[in-house]
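Asks: If you scroll down you'll find the structure; I have some questions about it.
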Amino acid sequence: MNPSVAQRIAALRAEIEKHSYQYYVLDSPRIPDAEYDRLFRELQQLEAQHPEFATPDSPTLRVGGKILDGFAPVRHAVPMLSIRTETDISDQGAHAFDTRVRKELGLSENDPPVEYACELKFDGLAINLRYEQGVLVQAATRGDGETGEDVTQNIRTIHQIPLRLAGCDAPVLEVRGEIYMSRRDFERYNERQREQGLPTLVNPRNGAAGSIRQLDPALAARRPLSFFAYGLGEVRGWALPSTHSGVLEALRGTGMPVSDELEAVHGAQGLVEFHRRIAAKRDSLPFDIDGVVYKVNSLALQAQMGFVSREPRWAVAHKFPAEEQMTVVRDIDIQVGRTGKLTPVAKLEPVFVGGTTVSNATLHNEDETRRKDVRIGDTVIVRRAGDVIPEVVGVVLDLRPANTGEPFNLYQRLGGKCPVCGSAIMREEGEANWRCTGGLFCPAQRKEALLHFAGRRALDIEGLGDKLVEQLVDQQLVQTPADLYHLELSVLSDLERMGDKSANNLLEAIARSRQTTLARFIYALGIRNVGEATAKDLARHFGSLVNLMAADEARLQQVPDVGPVVAQCITAFFAEPHNCAVIANLRASGINWTEQAGERLAVLPLSGKTFVLTGTLASMSRDEAKALLEELGAKVAGSVSKKTDYVVAGAEAGSKLDKARELNVAVLDEQQFTQILKQQESA
Ligand code: IVH
């Protein structure tokens, strides 16, 4: 035996547990993660070299032990009771409980109000933690209340649960409480699963219960769980406080997580106020609760009252509106996000859930919609908890009508086009989301595109921030970045928080941005997966925008760090006529950079594109225009359809222009058109 090793091991364990408590319970780490990891690895190493010093309270056991065949039964020393539920969610529920308690205690109207401990009703899984001489020796589920399952290994992976109690070496102290998954951990876990196309958890409660009953503790360790203590089981040799709230405070002192929402109140009015106060903050809590719990605070009175059929007479759960409800899917819409992400959204028969009426719920993405196999007409379970967007958690297949359609197919559903702007949609390899490719043009992406365009590393338009972009877009003063270059002083100075001086400054900044570099311009376009570094590489490699726009995926991949996904994003961007029209507009507005050898003005690839001419052109006849276009490889059609790439609108353009707008086809005016022709000729 080597006493110094034993001492070092003990010191490391204490140090690690102290930091674990700071980090996981108090949420305020005192040392950097790397330092914590170093201590942890040192302990692991020493324990591996000295198995004789193994103890059940070592933090190294938190990473999960060997895979089990099943869970051993555990007979509870003190049965785990359940709690009576007051389903009347109005104030009446609290009054009814107080009336019952007073009657049981034989109190008359003239007796003083009863003191109650009020707590949250956590929505997770009940657990009994058995500490002997202050060390966690066993953790068991509730089971049928008499016999539960031994889940000690999995419980040890929960960092919030102390492996050793601080300042307590009682022969036996059983702590009871709830294992739960916080909303943030639940969202994060599901987000990661969705990205990888893996099944998601239905709700945090199932997440907690599933992890605890997971036979591989290493898998359990990967699902982040939390814990709150709310009571006791068997106790030997521990000085019991006289009230329930005193018990919880004492437990908090041993390092047990105890919720801050714990209050001792008097009488029915106190209960009502607590219920109201918590209901008002329910959404902003970091975890799900399904109600509050009232307990007679005095342990002596609790003992006097006893219980009936496994439910104590001294406690009640007073519910809140349920966070999950069933309803019917009327339709499935597809929403376009600020970055072009396409999200399927279920349009629901309105339903009251989690305290509000919900008529839309997210389906997240195509894969998830298909995995859950949600179809129009289905009855589904909708969940709304906290500030999170309501979501469809699953289909009640037993209630599926005979006439529901096919499994969901996002591309088919949209005919391959963005529902907002009509640009082509794409889904990159390995990506869970479909996206609109009309980044510069799509109204849904306007604000984001403008902010990016004006950003410091892009065209660097000083003063064009969030608030301003919001106003410019909402008042329809700016639709695409090209419109920035046609803003006038009088319009700008009328905007909120804009005097003449700021308006002037902004105009100057916009004017200055006309002179830029090719790399900045490419970056400013906001092509997906083209960051600043890639934009520089592209500028260096191709030397000109013309060359970049004409490059196919194979040529793009010759650029350092450009792989198939980036190449695909670039070609998709330039294949979208709307984007090319905005680029032509920007160039026509005087955006310029020091040209490299061979650089010409931006050219639209005309070959294979379909044009429609409408209205009268001042500079040429329609036949001349047609001939010029055909010479350059374009097709000229007589009417506007979804297949049209560009409509050239001269003076007095009529129904074809309307049709183009209706179908979201790119429209060029005469000036833009002649400029493009000139560029083509000189290219
Ligand atoms: S006390 C003697 N307090 O609700 C009463 N239970 O049937 C024993 N629960 O699944 C329970 N929050 O896990 C109590 N603050 C709280 C609670 C709580 C949630 C759960 C408990 C059990 C059910 C009660």
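Asks: Tell me the helices (runs of 4 or more DSSP H) entirely within the stretch 544-618 that contain at least 3 residues that are open to solvent by 40 Å² or more (accessible area, probe 1.4 Å) and either over 25 Å from C436 (Cα atoms) or at pLDDT 90 or above (or both).
Replies: 553-556, 564-575
Asks: Listed residues Q269, Q325; which is part of a helix (DSSP H, G or I), away from the ligand (no atom under 15 Å from the Cβ) and either more than 21 Å from V172 (Cα to Cα) or not polar (S, T, N, Q) (or both)?
Replies: Q269 is the lone residue from the list that is part of a helix (DSSP H, G or I), away from the ligand (no atom under 15 Å from the Cβ) and either more than 21 Å from V172 (Cα to Cα) or not polar (S, T, N, Q) (or both).
Asks: P481 versus (1) open to solvent by less than 20 Å² (accessible area, probe 1.4 Å); (2) closer than 22 Å to R338 by Cα; (3) touching a strand residue (DSSP E or B) at 6+ places or on another chain (Cβ under 7 Å): which is the lone unmet condition?
Replies: (3)
Asks: While we're looking at this one, here's another question. Of the conditions (1) part of a helix (DSSP H, G or I); (2) touching a strand residue (DSSP E or B) at 6+ places or on another chain (Cβ under 6 Å); (3) aromatic (F, W, Y), F186 fails just one. Which one is it?
Replies: (2)
Asks: Output yes when any residue across the stretch 218-239 is more than 27 Å from the chain's Cα centre (by Cα), of a type outside the set (A, V, I, L, M, F, W, C), assigned to a helix (DSSP H, G or I) and over 27 Å from K66 (Cβ atoms), and no when none is.
Replies: No, the conditions are met nowhere in the stretch 218-239.
Asks: A follow-up question, please. List, please: which pairs have Cβ atoms under 8 Å, are six or more places apart or on different chains, and start with a residue in the stretch 249-265 that is on the phi < 0 side of the Ramachandran plot and without any contact (Cβ under 8 Å) to a residue 40 or more places away in the chain and end with one that is part of a helix (DSSP H, G or I) and surrounded by 18 or more Cβ atoms within 10 Å (Cβ to Cβ)?
Replies: What qualifies is V258/L248; V258/L251.
Asks: Could you tell me how many of the residues in the stretch 184-206 are of a type in the set (K, R), open to solvent by less than 30 Å² (accessible area, probe 1.4 Å) and within 16 Å of the ligand (Cβ to nearest atom)?
Replies: Matching residues across the stretch 184-206 total 0.
Asks: Moving on. Of all residues being touching a helix residue (DSSP H, G or I) at 6+ places or on another chain (Cβ under 8 Å) and of a type in the set (K, R) in the stretch 487-531, which is modelled with the lowest pLDDT? Just the residue, please.
Replies: So, considering only residues that are touching a helix residue (DSSP H, G or I) at 6+ places or on another chain (Cβ under 8 Å) and of a type in the set (K, R), the one modelled with the lowest pLDDT is R497.
Asks: Would you be able to say whether some residue in the stretch 479-486 is out of contact with any helix residue (DSSP H, G or I) (no Cβ under 6 Å at 6 or more places or on another chain), within 27 Å of I676 (Cβ to Cβ) and of a type in the set (D, E)?
Replies: Within the stretch 479-486, one or more residues are out of contact with any helix residue (DSSP H, G or I) (no Cβ under 6 Å at 6 or more places or on another chain), within 27 Å of I676 (Cβ to Cβ) and of a type in the set (D, E).
Asks: Which pairs turn up if I take residues in the stretch 70-84 that are over 12 Å from V316 (Cβ atoms) and free of Cβ contacts under 8 Å to residues at least 60 places away in the same chain and look for partners that are within 10 Å of the ligand (Cβ to nearest atom) and open to solvent by less than 60 Å² (accessible area, probe 1.4 Å) with beta carbon separation below 8 Å, at least 6 apart in sequence or on another chain?
Replies: Partner pairs satisfying both residue conditions: none exist.
Asks: Just wondering, is there one or more residues in the stretch 146-156 that are in contact with a helix residue (DSSP H, G or I) (Cβ under 8 Å, 6 or more places away or on another chain), away from the ligand (no atom under 13 Å from the Cβ) and part of a loop (DSSP other than H, G, I, E, B)?
Replies: So far as the stretch 146-156 goes, yes, one or more of its residues are in contact with a helix residue (DSSP H, G or I) (Cβ under 8 Å, 6 or more places away or on another chain), away from the ligand (no atom under 13 Å from the Cβ) and part of a loop (DSSP other than H, G, I, E, B).
Asks: In the stretch 49-67, what count of residues is obtained for those that are open to solvent by less than 80 Å² (accessible area, probe 1.4 Å) and assigned to a helix (DSSP H, G or I)?
Replies: So the answer is 6.
Asks: Which count do you get for residues in the stretch 282-307 that are more than 24 Å from E324 (Cβ to Cβ), touching a residue at least 60 places away in the same chain (Cβ under 8 Å) and more than 12 Å from the ligand (Cβ to nearest atom)?
Replies: Number satisfying all stated conditions: 4.
Asks: Can you pull out the residues in the stretch 90-111 that are in contact (Cβ under 8 Å) with a residue 60 or more places away in the chain and more than 16 Å from the ligand (Cβ to nearest atom)?
Replies: Of everything in the stretch 90-111, those that are in contact (Cβ under 8 Å) with a residue 60 or more places away in the chain and more than 16 Å from the ligand (Cβ to nearest atom) turn out to be D91, H95, D98, T99, L105.
Asks: While we're looking at this one, here's another question. Could you list all residues from the stretch 113-145 that are part of a loop (DSSP other than H, G, I, E, B) and without any contact (Cβ under 8 Å) to a residue 24 or more places away in the chain?
Replies: D144
Asks: Could you check, for the stretch 427-442, whether at least one of its residues is assigned to a helix (DSSP H, G or I) and buried (at least 20 other Cβ atoms within 10 Å of the Cβ)?
Replies: no
Asks: Tell me, which residue of the stretch 222-238 that is aliphatic (A, V, I, L, M) and within 21 Å of F122 (Cα to Cα) is farthest from the ligand (Cβ to nearest atom)?
Replies: The residue in question is L225.
Asks: Shifting gears a bit: Could you grab the pairs with beta carbons closer than 6 Å, sequence gap of 6+ or different chains, first residue in the stretch 641-662 and within 23 Å of C442 (Cα to Cα), second one among the aromatic types (F, W, Y)?
Replies: What qualifies is Y646/F611; V648/F673.
Matching residues to (1) in contact (Cβ under 8 Å) with a residue 60 or more places away in the chain; (2) under 37 Å from the mean Cα position of the chain (by Cα):
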residue: L477; (1), (2): no, yes
residue: A482; (1), (2): yes, yes
residue: S490; (1), (2): no, no
residue: D500; (1), (2): no, no
residue: Q515; (1), (2): yes, no
residue: G526; (1), (2): yes, yes
residue: K536; (1), (2): no, yes
residue: G543; (1), (2): no, no
residue: V546; (1), (2): yes, no
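Asks: I would also like to ask the following. Quick one: is R75 away from the ligand (no atom under 16 Å from the Cβ), over 19 Å from A221 (Cα atoms), exposed (fewer than 11 other Cβ atoms within 10 Å of the Cβ) and basic (K, R)?
Replies: Against the criterion (away from the ligand (no atom under 16 Å from the Cβ), over 19 Å from A221 (Cα atoms), exposed (fewer than 11 other Cβ atoms within 10 Å of the Cβ) and basic (K, R)), R75 qualifies.
Asks: Within the stretch 1-35, count every residue that is of a type in the set (G, A, S) and touching a His at 6+ places or on another chain (Cβ under 9 Å).
Replies: 2
Asks: With the condition being under 22 Å from T480 (Cβ atoms) and not polar (S, T, N, Q), I'd like the strands (runs of 3 or more DSSP E) fully within the stretch 628-683 carrying at least 1 qualifying residues.
Replies: Hits in the stretch 628-683: 646-649, 666-669.
Asks: Could you give every pair whose Cβ atoms fall below 9 Å, whose first residue belongs to the stretch 308-320 and is surrounded by fewer than 24 Cβ atoms within 10 Å (Cβ to Cβ), and whose second residue is β-branched (V, I, T) and outside any strand (DSSP E or B), counting only separations of at least 6 or pairs across chains?
Replies: Listed pairs, sorted by first residue: E311/I83; P312/I83; R313/V101; A317/I83; K319/T87; K319/I89; F320/I89; F320/I278.
Asks: Given (1) modelled with pLDDT of 95 or more; (2) open to solvent by less than 60 Å² (accessible area, probe 1.4 Å), identify the lone condition not met by I31.
Replies: Of everything listed in (1) modelled with pLDDT of 95 or more; (2) open to solvent by less than 60 Å² (accessible area, probe 1.4 Å), I31 misses just condition (1).
Asks: Return the total of residues in the stretch 332-344 being open to solvent by less than 50 Å² (accessible area, probe 1.4 Å) and more than 19 Å from G416 (Cβ to Cβ).
Replies: Residues meeting the conditions: 0.
The values are calculated or read from the model by the stated rules, or taken from the named source; none is laboratory data. If you're wondering where the values come from, they're calculated on a predicted model, not measured in any experiment. Here Cβ is always computed from backbone atoms with ideal geometry, including for glycine, and neighbour counts include all displayed protein chains. Please note that ligands, DNA and RNA were not included when accessible areas were found on the heavy atoms of the full protein model with its side chains. Shrake-Rupley method; radii C 1.70, N 1.55, O 1.52, S 1.80 Å.
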